[in-house]
Amino acid sequence: MEKNKFSSRIGFVMAVAGSAVGLGNIWRFPYLAAKYGGGTFLIVYIALALTIGFTLLVSETAIGRMTGAPSPIKAYRQLKAGKLRFGGYINALVPILILPYYSAIGGWVLKYFYEYLTGNSQALVAPDYFGSFISNPLQPVIFLMAFTGICYAIITQGVKDGIEKMSLILMPVLIVLAVFISGYTLTTPGAMEGVKYYLSIKPEYFNISTVVAALGQIFYSLSIGMGILITFGSYMDKKDDLESSIGQIEIMDTLIAFLAGMMIIPAVFAFSNGANVAAGPSLMFITLPQVFASMAFGNIVGLVFFLLVFFAALTSAVSLYEANVAIVEEVFQIGRKKANHMLFVWTFGIGMLVALGFNVLSFVQVAGMSILDMLDFVTNSIFMPIGALCTVLLIVFVVKTDKIVAEVKVSSKFIREKVYRFLVKYIAAPALIVILVSFILASLKIISI
Ligand code: PHE
């Protein structure tokens with residue numbers, strides 16, 4: 001068995017699910033669901049995940065497995081992408097730019113976990129605790145260093161002994177923790193109001209903003225348009241059932257997002273009657289510690305919650321790191337070890353600028369955006385839809401859909417073949433253009449989504 005391949009189908013499924021289940025599921029999904037009409041958002045989200053999300057996941061994985069090329073740059077070259085070749089570079093740029101700021105946030109999560117562990121949870125309740133933590137120039141950098149160091153250590157062990165093993169252990173634990181916390185928060189008095197709010201279908205929310213928000217979330221949550229599935233697909237065995245693996249990954253990703261909503265929305269309702277539930281970033285680091293503090297056994301719930309978020313962030317960061325290793329190996333023609341060293345320096349270096357962007361570098365702003373917001377905007381709102389669009393165009397016009405279907409059929413019956421063909425040909429590209437245009441217009445404050 002080669003060291004840099006997954007040793008089993010379940011290893012592949014858990015590793016990709018580890019990439020997919022991340023901060024996006026636990027922190028972004030619940031507040032989007034709260035903002036876009038609860039049950040309405042859930043329905044739209046699930047429908048789009050099973051169709052467009054499925055199509056793009058299959059496409060990227062099949063490209064990776066077909067070409068055996070771990071980096072999107074190489075995969076595009078092998079597929080003779082011609083004018084679309086730049087798409088390979090865009091797909092490569094996204095994980096390179098995301099990893100540093102994702103790790104900076106991973107460091108914040110680690111800090112909160114550490115505070116719960118050392119019995120300091122009372123301090124986290126102060127409303128300005130988070131603000132003063134990130135405006136301290138040293139602390140966030142120390143936790144960033146620890147977070148990046150852990151990723152580095154896992155990557156050193158390789159795909160099979162590092163990523164696969166980590167995912168096989170952490171993902172089942174993560175599911176158990178999610179079930180435990182959501183079950184417990186449901187027992188708090190007043191939580192049922194939140195469940196009603198979360199699950200009730202509000203027809204007035206069936207509109208284009210909800211669709212665009214759900215689509216954007218699906219791409220981010222399933223780690224699409226950033227080369228990761230191409231990398232992991234290239235480590236997948238030809239014998240392993242591609243279609244059912246993708247199905248299982250989607251189920252896990254959606255399940256954890258759903259459970260995150262179940263743990264956060266009812267708890268926030270019980271605590272504050274719904275105020276702040278759609279508050280965005282401050283929800284996780286400011287509101288939730290207050291909510292936990294108001295519960296019986298809140299210290300334990302907080303500890304377990306931040307452990308869960310830490311596992312989710314870690315498995316996602318490691319997948320970004322691995323995609324980056326493949327890219328750096330390819331671009332600089334160097335070995336895995338050297339690539340790992342370079343990426344540690346890059347992630348820590350740029351991550352440090354992100355952390356300092358909230359204190360000594362806070363004057364560095366473009367259109368009111370901090371360094372973190374800028375990186376997030378460029379990657380998620382611009383490069384990611386363009387990267388995914390290039391992949392769709394590559395399939396439809398250069399590789400041809402038949403070839404991708406044939407690759408899937410090497411290992412699967414491909415039950416959803418007709419759906420796949422239709423979506424990849426006619427729906428995926430327009431949907432990606434809608435996302436790209438809406439995100440840009442929203443950032444210019446011309447529309448609001
Ligand atoms: N899918 C991850 C999440 O939901 C985010 C992520 C993006 C992970 C890009 C890896 C790469 O948080």
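The values are calculated or read from the model by the stated rules, or taken from the named source; none is laboratory data. This structure is a prediction, so every number in the text was calculated from the model and none was measured. Ideal geometry is used to build each Cβ from the backbone, glycine not excepted, and the neighbour counts take in all protein chains shown.
Restricting attention to the stretch 218-237, which residues are over 16 Å from Thr51 (Cα atoms), among the aromatic types (Phe, Trp, Tyr) and modelled with pLDDT under 95?
none
What single numbered condition from (1) within 28 Å of Lys80 (Cβ to Cβ); (2) within 16 Å of the ligand (Cβ to nearest atom) fails to hold for Val399?
For Val399, the failing item is (2).
Here are some conditions: (1) at positive phi; (2) touching a residue at least 40 places away in the same chain (Cβ under 8 Å). Ser282 meets all but one. Which one does it not meet?
(1)
Considering only the stretch 1-37, state which residues are under 16 Å from Ile251 (Cβ atoms), away from the ligand (no atom under 12 Å from the Cβ) and surrounded by 21 or more Cβ atoms within 10 Å (Cβ to Cβ).
Phe12, Val13, Met14
Taking the stretch 272-300, which residues are in a helix (DSSP H, G or I) and surrounded by fewer than 24 Cβ atoms within 10 Å (Cβ to Cβ)?
Ser272, Ser282, Leu283, Phe285, Ile286, Thr287, Gln290, Ala293, Gly298, Asn299, Ile300
Within the stretch 90-128, can you find the residues that are hydroxyl-bearing (Ser, Thr, Tyr) and in contact with a helix residue (DSSP H, G or I) (Cβ under 6 Å, 6 or more places away or on another chain)?
Correct list: Tyr101, Tyr102, Ser103, Tyr112, Tyr116, Ser121.
Here are Lys165, Lys160, Lys83, Lys111: which of them is of a type outside the set (Gly, Ala, Ser), over 23 Å from the mean Cα position of the chain (by Cα) and part of a helix (DSSP H, G or I)?
Lys83
Which of the numbered conditions does Leu215 fail, given that it passes all the others? Conditions: (1) of a type in the set (A, V, I, L, M, F, W, C); (2) at pLDDT 95 or above; (3) in a helix (DSSP H, G or I); (4) away from the ligand (no atom under 11 Å from the Cβ).
With respect to (1) of a type in the set (A, V, I, L, M, F, W, C); (2) at pLDDT 95 or above; (3) in a helix (DSSP H, G or I); (4) away from the ligand (no atom under 11 Å from the Cβ), Leu215 is out only on (2).
Within the set of pairs 6 or more residues apart or between chains, which connect a residue that is within 15 Å of Ala47 (Cα to Cα) inside the stretch 244-260 to a residue that is in a helix (DSSP H, G or I) and more than 11 Å from the ligand (Cβ to nearest atom) with Cβ atoms less than 6 Å apart?
That search, which allows pairs on different chains as well, returns Glu250/Ala49; Thr254/Ala49.
Between residues in the stretch 17-30 that are touching a residue at least 60 places away in the same chain (Cβ under 8 Å) and residues that are within 8 Å of the ligand (Cβ to nearest atom) and β-branched (Val, Ile, Thr), which pairs lie under 7 Å by C-beta distance while being six or more apart or on different chains?
Cβ pairs passing all conditions: Ser19/Ile228.
Please determine whether any residue of the stretch 315-329 is away from the ligand (no atom under 16 Å from the Cβ) and either in contact with an Asp or Glu (Cβ under 6 Å, 6 or more places away or on another chain) or not in a helix (DSSP H, G or I) (or both).
no
Quick check on Met226: is it buried (at least 17 other Cβ atoms within 10 Å of the Cβ) and within 14 Å of the ligand (Cβ to nearest atom)?
yes
Suppose we filter the stretch 147-165 for residues that are of a type in the set (A, V, I, L, M) and within 17 Å of Leu23 (Cβ to Cβ); how many remain?
Residues in the stretch 147-165 being of a type in the set (A, V, I, L, M) and within 17 Å of Leu23 (Cβ to Cβ): 1 in total.
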